[in-house]
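Worksheet for the structure shown next.
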Amino acid sequence: MLAIPRGGVVVGAEVCRKLGYPLDIIIPKKVGLPHQPEVAIGAVTEDGTAIYNEELLRRLNISPQNLRPTVQKIIREIKRRMDLYRGTNTPPNLLNKDVILVDDGIATGATIVAALKSLKNSGCRSITLAVPVAPPDILAKLRQEVDHLVCLIEAEPFYAVGQFYKNFEQVDDEEVIELIQNKLPVQKSC
């Protein structure tokens with residue numbers, strides 16, 4: 001089972017506890033415009049798998065090559081966080097494995113799509129996406145990207161993932177590290 005830090009690791013740890021599966025991470029991050037990083041134009045994962053909002057790229061007359069320095073900087077940050085969270089543990093071999101991807105919820109789906117594309121590139125056998133909450137229109141698109149999709153609440157109107165939690169406080173790095181390092185040694189296959 002792979003979870004997206006930080007909140008997804010908390011949800012993933014609970015799922016792993018119930019199923020007895022090992023927990024690891026995948027970190028997709030948003031790609032912002034070079035001079036306006038708060039404007040999301042895509043997402044990227046550690047292995048360089050990137051997705052872009054093609055319509056926005058066309059409207060702004062930007063190519064993925066123009067974003068290469070920004071993407072490389074983001075990948076370096078992802079790798080730094082992976083090292084921080086995993087410590088000396090090595091990433092799992094996903095070849096021919098059934099993978100469950102967990103997050104704490106989905107708003108726009110951009111980072112999830114990048115993570116799913118990266119997982120497909122890993123050679124895994126199947127992908128199940130499991131989230132507590134997401135908007136129906138995003139789930140409709142994501143169903144085409146996965147073998148199985150589990151979502152507890154498909155909600156409209158959807159403003160933010162946090163609106164569906166009683167407690168949606170920020171999860172800190174130390175909690176993520178503790179959850180991952182306590183779960184990695186389990187040897188059951190997922």
Can you pull out the residues in the range 53-71 that are within 19 Å of ILE112 (Cα to Cα) and outside any loop (DSSP other than H, G, I, E, B)? GLU54, GLU55, LEU56, VAL71
If you scan the range 97-149, which residues turn out to be surrounded by fewer than 16 Cβ atoms within 10 Å (Cβ to Cβ) and touching a strand residue (DSSP E or B) at 6+ places or on another chain (Cβ under 6 Å)? ASP98, ARG125, SER126, PRO136, ARG143, ASP147, HIS148
Is there any pair with a first residue in the range 10-29 that is more than 14 Å from LEU179 (Cα to Cα) and open to solvent by less than 50 Å² (accessible area, probe 1.4 Å) and a second that is charged (D, E, K, R) and part of a helix (DSSP H, G or I) whose Cβ atoms are under 6 Å apart and which are 6 or more apart or on different chains, and what are they? ILE27/ARG81
Checking the condition part of a strand (DSSP E or B), touching a strand residue (DSSP E or B) at 6+ places or on another chain (Cβ under 7 Å) and not basic (Lys, Arg), which residue from GLY8, GLY42, GLY12 passes? GLY42
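The values are calculated or read from the model by the stated rules, or taken from the named source; none is laboratory data. Note that the coordinates shown come from a computational prediction; the quantities given were computed from them, not determined experimentally. Ideal geometry is used to build each Cβ from the backbone, glycine not excepted, and the neighbour counts take in all protein chains shown. Please note that ligands, DNA and RNA were not included when accessible areas were found on the heavy atoms of the full protein model with its side chains. Shrake-Rupley method; radii C 1.70, N 1.55, O 1.52, S 1.80 Å.
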